[in-house]
Amino acid sequence: MLKLFSHAGRVVGRVAAGAAALAIGASVSAKAEDSIKVGVLHSLSGTMAISETTLKDTVLFLVDEQNKKGGLLGKKLEAVVVDPASNWPLFAEKARELITKDKVVVVFGCWTSVSRKSVLPVFKELNSILFYPVQYEGEESERNVFYTGAAPNQQAIPAVDYLMSKDGGEVKRWVLAGTDYVYPRTTNKILEAYLLSKGVAKEDIMINYTPFGHSDWQTIVADIKKFGSAGKKTAVVSTINGDANVPFYKELGNQGIKATDIPVVAFSVGEEELAGIDTKPLVGHLAAWNYFESIDTPENKKFIAEWQAYTKNPKRVTNDPMEATYIGFNAWVAAVEKVKSTDPDKVIDALPGIKVPNLTGGTAEVLPNHHITKPVFIGEIEDNGQFDVVWKSNGLVPGDAWSDYLEGSKDLEADWVKLKCGNYNTVTKKCGGS
Amino acid sequence: MRLSSPLAVLLLGLALFATLVPRAAHAGPYEDALAKFTTESYADTAAALGLLATSGNPRAVEVVDALADGRLLVDPAAGKVYIRGADGSLADAASGQPAAGVDAAALKAVRANNRVRGAIAAASGALSLFNPDPAKRLAAAQAVFKSRDATVLPALDAALAKETVPAVKQALATARAAIVIGSSAAPEAERIAAVATIADAGDQDALAVLQNLPPDAPASVKTAAASAIAGIQRTLAVWGVAQNVWYGLSLGSVLLLAAIGLAITFGVMGVINMAHGEMVMLGAYTTFVVQELIRAYNPALFDASLLIAIPIAFLFTGLIGVIIERTVIRFLYGRALETLLATWGISLILQQAIRTIFGPTNREVGAPSWMSGTVDVGHLAVTYGRAWIIVFAILVFLALLAVLRLTRIGLEMRAVTQNRRMAASMGIRTNWVDAMTFGLGSGIAGIAGVALSQIDNVSPNLGQSYIIDSFLVVVFGGVGNLWGTLVGAMSLGIANKLLEPYAGAVLGKIALLVIVILFIQKRPRGLFALKGRAIEA
């Protein structure tokens, strides 16, 4: 809608300016100065619409709030929304359209790792900025991308540490269950290496992958139950994605697996996903995130109230990727205000070191590796679909782009301030990976 | 309060036991436990529960119950613990007296995590071994079996001596054996007897107990355990196969439900209907709407919500089917490719329409009480929900078979399928029959949606995950033959579930596809080929 209007406005402007070429140029640039455009690249149809639609609304909400505060650099912000329809190649096309045709200066978007990988070349070629708000497998640091979701060391590793602790039940046996694609596979590779380094025996780790949208979990849940009754405390680390979660949790409930017997800690299940399930049989199962709606801080209360007012839905929940979008948006605004320009090169250079408050009472600092500092929380599912925080990290955890537990990535370092490199090898002293 | 005699025995037993525990200056273990609740640490809360279980204080049960329900409140500054009653009144946990003049808003509920919940189960197990309700005693025995807390042993012995209900007595004996087997204080003969008791239970949990003997157990106990383990594993392996077959039947019934409507539209009419999955999805959303209305206007009817949803879903999706047939498909008969593209377009339109109306997120469809829970058949846990879906799939199949065989419209449908022109010349309105047939197929898909709403996401994408499987079943079973669909669905379901444990879910599915492709190469008409002139043409 917005896009359409602005285009029409430009055309009207041109007609009004008459024949003089100079006048046309002036009117176009005058129009361009009226607003700063930000792109929103989230799927509004197809499989991923279930998760991404909320993030589109979040960016629109943040733009609205910013405009209420008087906009940015004296101009109004204007969001340009496109729908890449859960189609990975279409993400790249739509990204190109946003940057070249709509002239957006920054893009907030993507959810799945495969969509991010698909737009990377576009952002590099056209030198624009992408804020990526979802927890991911790491092993990447690009000059044009800022990762405001959790890296594995800000979510997966602390969750496993918690389960190994006394409070978490001193888990000795592990099921790593995931959907069959890049995020679960990489995360499980890191976790397996980490568990082995902690002295867990190979036969105490069971790895299981299922297709996207898997709906018949009877056999796998029965296997987990069997694996878990070997007398050692067992936990499931779930990187099961999206739609497959509801039938998975329903089957856990059906087969009577309680959190006190075999807890499941999930990295992709938040308040949004639980909205579709009766959570009574799931009480006590866990999720690791950097934000929970239930966290009681003044910032969070204000954010939830404003969000529910904006969406006119008093039941609308908030979740972790929303907070990551919030942080990314505010960091970008702060960087633009610092350099008084929306020029991508200037903003990219200004972003590392920017500090903005997060919603849980801490500060998110953009790091030289384009990740951010985050607190880590582990919450147990409550019967009202919310999470009760049972553990939080001691202070903020800086995001680590390259895992320290994987062969080939542990020597790599990302630093876009001093080294100007996303994969500097500390052994060979060269930029360019292993 | 009148002390019932089992409780008195418990108190006696526990008092005896408590005298062996060194006491703090003034306070007993009960007071120590209460003090630990006020520190707001999970470790202390769990330790406090351990103390409560053996404190012998009659209020301990009340405190544990309150903690389990989140009704145990503390004032950390004053170090006081209160129990909130069902009516909201506060009582001092230490004295049991009503607490007056306490500001409830200033109190904090004692929080529970998994570790604390585990400790609650163990403590409440130890405390309710003498509960007058046999069901509670059974649960208590099972909780003790799980916790294997050696300090409960004296109470367990007392309970065992008093117990009269055979099932509870057996559970108590098993729980006792689980403790004795790992205790180095017990005589060797008793431990070997315990192995036999555990082996009688013969399930996964028994296996876990036997596999985790302490390393210092005598050799004789270890040998007895080893032979018991081998015996249990043999039995469980047999049950494992039964379990996979059952899961296969369950998956097969889901496939049957999803495919049976397609067996009509694709199998009987020859229309490649890509929007079939969306009919299933519409059926699931109809269930959601029906449940919401029932919740809003007449919650008492909730248990019947699915039964009410079945005819509504059938009529609604059937109507949509007739509309699609009249407005789009009838212009495309005989043009398979165009039909495929047109119905695929319809499926996208329907998906996005639902997404716009109901939003992209999942909708919650509740399970009526008669569909929740499990029943144990031997070592096989049968969930009611899955069992009902199998029954339902068979009923739908039989009903459809009856419609095709016994009714006039069924006769006309078969006539049109077998020879359209001959049927037309006999005075059958083939146009009308086409519309009704498509409506019937769509309506059946809608009914399938009602059942699938119980096991899958109710989201706009629901149908997509079933469309490929449905075609697979119909093609494999033999186009145009309902029995083929039944046999096809069940054999694919069972084959999938037998492959899955060995090949994994991803490879299992691939293997199944390859098998079906090879089979179709050999028998292009599927399992049950239909014979007839029109089919040949």
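List of remarks:
- Between the stretch B:327-350 and the stretch A:214-278, the alpha-carbon center distance in angstrom: 39 Å
- Lys/Arg +1, Asp/Glu -1 at C-beta; the stretch B:244-536 dipole; positive extreme among B:Leu341, B:Phe528, B:Thr383: B:Phe528
- Sum of side-chain charges, B:Ala284 neighbourhood, beta-carbon under 15 Å (Lys, Arg +1; Asp, Glu -1): -2
- Per-peptide average of other Cβ atoms within 10 Å, ordering A:306-317, B:104-115 highest first: B:104-115, A:306-317
- Contact order relative to length of chain A, as percent, for alpha carbon pairs under 8 angstrom and 6 or more apart: 15 percent
- Principal-axis tilt of helix B:134-147 within chain B, Cα atoms, nearest 10 degrees: 80 degrees
- Extending 7 Å from Cα along the Cβ direction at A:Lys315 and again at A:Ala230 yields two label points whose distance is 4.3 nm.
- Ordering of B:143-152, A:69-78, B:345-354 by packing is B:143-152, B:345-354, A:69-78, highest average first (other Cβ atoms within 10 Å, averaged per residue).
- Taken as Cα centroids, the stretch B:150-177 and the stretch A:367-434 sit 52 Å apart, rounded to the nearest whole angstrom.
- Taken about its Cα centre, the protein assembly as shown carries a charge dipole of about 2220 debye when Lys and Arg each add +1 at the Cβ and Asp and Glu each add -1 at the Cβ.
- FRET efficiency for A:Ser165 and A:Asp404, using Cβ-Cβ distance with R0 set to 22 Å, rounded to 0.05: 0.65
- Counted charge near B:Gly439, where neighbours are those whose Cβ lies closer than 11 Å (Asp, Glu -1; Lys, Arg +1): -1
- Spin-label pair B:Ala402/A:Lys124, simplified geometry with 7 Å Cα→Cβ offset, distance in nm: 6.6 nm
- A:Ala201/B:Ile394 FRET efficiency (R0 51 Å; Cβ-Cβ; nearest 0.05): 0.65
- The distance linking the stretch B:404-470 with the stretch B:293-321 is 21 Å (Cα centroid to Cα centroid, whole angstrom).
- Computed FRET value (nearest 0.05) for B:Arg421 with B:Arg330, which takes r as the C-beta separation and R₀ as 25 Å: 0.90
- Charge context of A:Thr373, other residues only, Cβ under 13 angstrom, K/R +1, D/E -1: 0
- Each Lys and Arg Cβ is given +1 and each Asp and Glu Cβ -1; about its Cα centre, the stretch B:244-536 then shows a dipole of about 980 debye.
- Taking a ≥ b ≥ c as the square roots of the eigenvalues of the alpha-carbon gyration tensor, the stretch B:244-536 is classed oblate because a/c is 1.5 or more while a/b is no larger than b/c.
- Against chain B, whose longest principal axis comes from its Cα atoms, helix B:276-297 is set at around 50 degrees.
- Peptides B:329-338, B:356-365 ranked from most to least packed, by the mean per-residue count of other Cβ atoms within 10 Å: B:356-365, B:329-338.
- Peptide A:216-229 - average C-beta neighbours from other chains (10 Å radius): 5
- Entry note, the stretch B:244-536: relative contact order of 38 percent, from Cα contacts under 8 Å with a spacing of 6+ residues.
- Using alpha-carbon coordinates, inclination of helix B:114-127 to the longest axis of chain B, degrees: 60 degrees
- Gyration tensor verdict on chain A (Cα atoms; rounded if a/c is under 1.5, prolate if a/b is larger than b/c, oblate otherwise): prolate
- Label zone at A:Val182 (point 7 Å along Cα-to-Cβ), backbone N below 16 Å, the stretch A:235-259: none
- Remark: mean inter-chain Cβ contacts per residue of A:241-253 equal 3, using a 10 Å Cβ-Cβ cutoff to other protein chain atoms.
- Chain A: calculated mean residue ellipticity at 222 nm from DSSP helix runs of at least 4, using -39500 (n - 2.57): -12000 deg cm²/dmol
- Across peptide A:382-390, the mean count of Cβ atoms from other chains lying within 10 Å of each residue's own Cβ comes to 2.
- Prolate/oblate/rounded label for the stretch B:153-204 (Cα gyration tensor, a/c 1.5): oblate
- Student exercise, chain B dipole from Lys, Arg, Asp, Glu Cβ charges, in Debye to nearest 20: 1860 debye
Readers should treat all values here as calculations from the given coordinates under stated rules, not as data from a laboratory. Quick caveat: nothing in here was measured; it's all calculated off a predicted structure. With ideal geometry, Cβ positions are generated from the backbone for all residues, glycine too; neighbour counts draw on all protein chains shown.
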